[in-house]
Every structure is written in C-alpha cells, then in structure tokens.
Amino acid sequence: MSTHLPKWGIVSTIKAPIGTIERFAAYHLELGAERLFIYLDDDNEAAFKALKTHPKIRVLRTHGEHWRSRNRPVKHQARQGANARHAYKRKAHELDWLAHIDVDEFLWPIKTPIAEQLAALPVTCMAARVRPVEALWHRTETHFKAMTNDRKQRQRETEAIYPTFGTHLNGGFLSHVAGKLFVRTGAEEVDLRIHNVFIKGDENPGQVEFIGTELCHLHATSFEHWMENIRYRLAHGVYRAGLKPNRPPERGGLTLNELLRTIEDSDGTEGLKAFYQEVCTATPELLQRLKAHGLLRSYDLALEEKRRKHFPTD
C-alpha cells in the first residue's frame with residue numbers, strides 16, 4: 001500500500017508590503033505547502049529579493065515590462081486569473097494540487113493535515129472547494145464569523161445575527177462566500193479563475209466541498225484598515241457596482257455598493273463606523289449570537305511568529 005501523500009502548493013498574485021507577503025508565505029510553508037508561486041503585481045524589489053532565496057518559493061515579477069506579453073490586463077481580477085493559469089500550466093508539474101488564494105487568506109485545517117485530506121478525495125475530483133470564514137476585529141484575540149452553506153438557512157441566520165444590516169448581506173460577509181479551490185494538476189485545457197476552474201469547458205469537474213479546512217479571510221481587520229481599502233473596493237473590487245444584490249431589488253434588496261454608499265450619504269463616516277461595529281467587530285453580543293448558531297471560530301494564526309521562523313531578520 002502506497003504511503004505517498006499528495007504534494008500541494010499555492011499560487012497568488014500579490015501587491016502588498018514585504019512583511020505582509022512574508023507572513024502569508026511563512027504561514028503556508030509551516031502548514032506544509034511544497035511550493036508557493038508568488039506573482040508580484042508591483043515593483044516590489046525588496047520582496048523579490050527576500051522571497052527568491054527561499055527554496056520552496058518561486059517568485060515572478062509581473063508589473064510593467066515584466067508581463068509575459070504586450071497585453072497586460074487592466075483589471076487585477078484578470079491578472080490574477082492569468083497568473084494562476086500560468087502557474088498551473090508552466091510551473092505546477094511537481095505538485096499534485098494547486099490552490100489559488102490571496103495574500104489576506106490563510107488555510108486552516110481543522111483536525112487533519114491538508115495533504116491527508118487531499119489524499120482522501122475521490123480520483124474523479126478535480127476541484128475541492130474551501131469555504132471562507134471572515135475575520136472580526138478584536139483588540140487581543142482572533143475571531144472569525146462562519147456561514148451556513150444552505151442558502152435559505154444562511155439568510156435566516158444572517159438576519160438574526162446582524163439585525164440592522166443582515167437583510168442585505170450574504171452570510172454577514174463583506175467579501176466572497178464562494179471560497180477558493182484546490183485544483184488537481186495535470187489536466188489539459190485548464191482555465192483557472194478566481195473562484196472556479198474550467199477543464200475542457202467543464203466547470204469544476206467532480207467538485208467536492210473540502211469541509212476539513214476553512215479559509216481564514218482577513219478582509220477587514222480593523223475599521224482603519226477597512227476604510228483604507230473601501231474606495232478601491234467600491235470602484236474596482238468586491239464592493240463594485242453591478243454585482244448582484246443578496247435579495248432581489250423588487251424585494252428591497254441593495255447591493256453592497258448601494259448599501260455602503262447609502263449609509264455614507266446619509267450618515268457619513270459615523271454611519272460606516274456603525275455598520276462596521278455591527279458586522280465586523282467582535283463585540284460580546286455578536287460573539288454570543290454567532291456562537292448560538294454554531295458560526296463562531298477562534299483561531300490563532302501566529303503569523304508574526306511564523307514569519308520570524310522562515311524569514312529571520314538581523
């Protein structure tokens with residue numbers, strides 16, 4: 001009987017300070033990633049030099065003239081997909097599975113190591129979906145809110161947990177609820193996207209819910225951090241106009257773009273602060289409501305400790 005466990009790795013397109021990138025890389029190396037493919041989306045020479053010396057990291061510059069052709073996509077979502085496909089087709093032959101995640105996302109195996117979970121998947125599975133949990137702000141502890149996969153139950157819970165704004169939110173999340181994928185390597189005609197993969201035109205063939213692992217998403221770790229990113233997200237990112245509302249417009253549903261702009265127009269920064277307080281702050285009341293629905297997670301990622309281990313500084 002073979003004792004071989006699958007080798008897995010991560011591809012990520014990143015525009016972030018060097019310390020943030022090192023924490024992301026160190027965390028997943030400590031978790032057992034065999035290889036990290038990091039595509040730097042800006043001219044971060046310090047990060048390039050620090051990362052390229054690590055034997056398990058492959059770092060590529062993709063800004064400006066370093067793009068692989070004359071047609072660098074304008075939208076960052078398109079660059080993410082292009083880089084993920086490049087890693088899958090050109091770089092990932094030494095791996096059995098490749099996960100496409102972002103620099104503010106951290107895989108958390110609940111009990112069983114990731115490699116053992118991957119080994120247990122059926123051979124027909126080409127895509128394993130990891131569902132997210134979203135970080136809450138707390139002064140000293142790291143808490144996350146989870147959500148229920150069943151859509152009707154999720155909406156009932158969301159409205160109970162977030163009484164003011166829950167009707168407009170999907171699971172109480174500000175970012176994606178779709179999660180990210182582990183994709184089995186070695187397939188032909190692969191089109192890897194942010195949340196899905198198409199193999200010979202077939203979407204997520206043999207998809208399995210990867211229930212033994214959660215994706216800890218540090219999307220809005222403080223009100224200040226959230227406000228630093230809100231303009232870009234409203235214009236180009238996850239809060240951009242044109243996305244579907246959680247509830248149909250004819251039933252009073254607002255998109256997150258419409259909701260946040262309405263709050264700001266009527267109550268300014270104080271209104272946004274009240275929204276963040278209800279939805280993203282680990283108040284005793286919110287923690288209790290999440291716990292009552294089985295949706296509270298408390299994980300210590302120990303990011304700085306792991307960074308110092310893998311990227312020691314003088």
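The values are calculated or read from the model by the stated rules, or taken from the named source; none is laboratory data. None of the values given here were measured: they were computed from a predicted structure. So basically every Cβ, Gly included, is an ideal-geometry build from the backbone, and we count neighbours across all protein chains shown.
For the subset of segment 40-81 comprising residues that are within 22 Å of the chain's Cα centre (by Cα) and among the small types (Gly, Ala, Ser), which member is nearest to HIS310 (Cα to Cα)?
ALA47
All but one of (1) closer than 21 Å to GLN153 by Cα; (2) surrounded by 14 or more Cβ atoms within 10 Å (Cβ to Cβ); (3) out of contact with any Pro (no Cβ under 6 Å at 6 or more places or on another chain) hold for GLY253, so report the exception by its number.
Tallying (1) closer than 21 Å to GLN153 by Cα; (2) surrounded by 14 or more Cβ atoms within 10 Å (Cβ to Cβ); (3) out of contact with any Pro (no Cβ under 6 Å at 6 or more places or on another chain), GLY253 fails exactly one: (3).
Please tell me if ILE114 is touching a residue at least 40 places away in the same chain (Cβ under 8 Å) and under 20 Å from the mean Cα position of the chain (by Cα).
Working: touching a residue at least 40 places away in the same chain (Cβ under 8 Å): yes; under 20 Å from the mean Cα position of the chain (by Cα): yes.
Yes.
For segment 143-156, check the following and say yes or no: at least one residue is under 30 Å from ASP96 (Cβ atoms), under 19 Å from the mean Cα position of the chain (by Cα) and among the polar types (S, T, N, Q).
Step one: of segment 143-156, the residues under 30 Å from ASP96 (Cβ atoms) are 144, 146-147, 149.
Within this subset, residues satisfying the condition of being under 19 Å from the mean Cα position of the chain (by Cα) are 144, 146-147, 149.
Next, only the ones that are among the polar types (S, T, N, Q) stay: 149.
Yes, there is a match, as at least one residue in segment 143-156 is under 30 Å from ASP96 (Cβ atoms), under 19 Å from the mean Cα position of the chain (by Cα) and among the polar types (S, T, N, Q).
Output the qualifying pairs, or none if there are none: Cβ atoms under 8 angstrom, residues six or more apart or on different chains, first residue in segment 194-210 and farther than 20 Å from ALA78 by Cα, second residue exposed (fewer than 15 other Cβ atoms within 10 Å of the Cβ).
Sorted first by the residue in segment 194-210, then by its partner, the pairs are PRO205/THR124; GLY206/PRO122; GLY206/THR124; VAL208/PRO122; GLU209/ASN149.
Just to be sure I understand the filter: pairs with C-beta atoms under 9 Å, separated by 6 or more residues or on different chains, first member in segment 281-298 and loosely packed, with under 12 Cβ neighbours inside 10 Å, second member polar (S, T, N, Q). Which pairs pass?
If the second residue must be polar (S, T, N, Q), the pairs left are GLY294/THR148.
Quick one: count up the residues across segment 212-227 that are in contact (Cβ under 8 Å) with a residue 24 or more places away in the chain and loosely packed, with under 15 Cβ neighbours inside 10 Å.
Start the filter on segment 212-227 by keeping residues that are in contact (Cβ under 8 Å) with a residue 24 or more places away in the chain, which leaves 212-223, 226-227.
Add one more test, that the residue is loosely packed, with under 15 Cβ neighbours inside 10 Å, and what stays is 227.
So the count comes out to 1.
Out of all the residues in segment 156-203, which are in a loop (DSSP other than H, G, I, E, B) and touching a Ser or Thr at 6+ places or on another chain (Cβ under 8 Å)? Walk me through how you get there before you give the answer.
Start the filter on segment 156-203 by keeping residues that are in a loop (DSSP other than H, G, I, E, B), which leaves 162-165, 169, 171-172, 174-179, 185-189, 193-196, 200-201.
Matches in segment 156-203: LEU169, GLY171, GLY172.
Checking the conditions here, which among ARG151, ARG79, ARG139, ARG70 is among the charged types (D, E, K, R) and at pLDDT 95 or above? Walk me through how you get there before you give the answer.
On the way: ARG151 fails: at pLDDT 95 or above; ARG139 fails: at pLDDT 95 or above; ARG70 fails: at pLDDT 95 or above.
Exactly one of ARG151, ARG79, ARG139, ARG70 is among the charged types (D, E, K, R) and at pLDDT 95 or above, namely ARG79.
Only one residue in LEU29, LEU95, LEU5 is closer than 23 Å to HIS310 by Cβ, touching a residue at least 60 places away in the same chain (Cβ under 8 Å), touching a Ser or Thr at 6+ places or on another chain (Cβ under 6 Å) and of a type outside the set (Asp, Glu). Which one? I'd like the intermediate steps shown before the answer.
Details: LEU29 fails: touching a Ser or Thr at 6+ places or on another chain (Cβ under 6 Å); LEU5 fails: touching a Ser or Thr at 6+ places or on another chain (Cβ under 6 Å).
Going through LEU29, LEU95, LEU5 in turn, just one is closer than 23 Å to HIS310 by Cβ, touching a residue at least 60 places away in the same chain (Cβ under 8 Å), touching a Ser or Thr at 6+ places or on another chain (Cβ under 6 Å) and of a type outside the set (Asp, Glu): LEU95.
Please go through segment 30-50 and pick out each residue that is over 19 Å from GLN80 (Cα atoms) and surrounded by 20 or more Cβ atoms within 10 Å (Cβ to Cβ). Write out each step before concluding.
Step one: of segment 30-50, the residues over 19 Å from GLN80 (Cα atoms) are 30-34, 45-46, 49-50.
Residue satisfying the conditions is ALA33 alone.
Only one residue in GLY212, GLY206 is over 23 Å from ILE230 (Cα atoms), assigned to a loop (DSSP other than H, G, I, E, B), touching a Ser or Thr at 6+ places or on another chain (Cβ under 6 Å) and at pLDDT 95 or above. Which one?
GLY206 is the lone residue from the list that is over 23 Å from ILE230 (Cα atoms), assigned to a loop (DSSP other than H, G, I, E, B), touching a Ser or Thr at 6+ places or on another chain (Cβ under 6 Å) and at pLDDT 95 or above.
Is it the case that segment 193-204 has a residue that's farther than 22 Å from PRO113 by Cβ and crowded, with 21+ Cβ neighbours inside 10 Å?
Step one: of segment 193-204, the residues farther than 22 Å from PRO113 by Cβ are 193-204.
Subset that is crowded, with 21+ Cβ neighbours inside 10 Å: 197.
The answer is yes; a qualifying residue exists.
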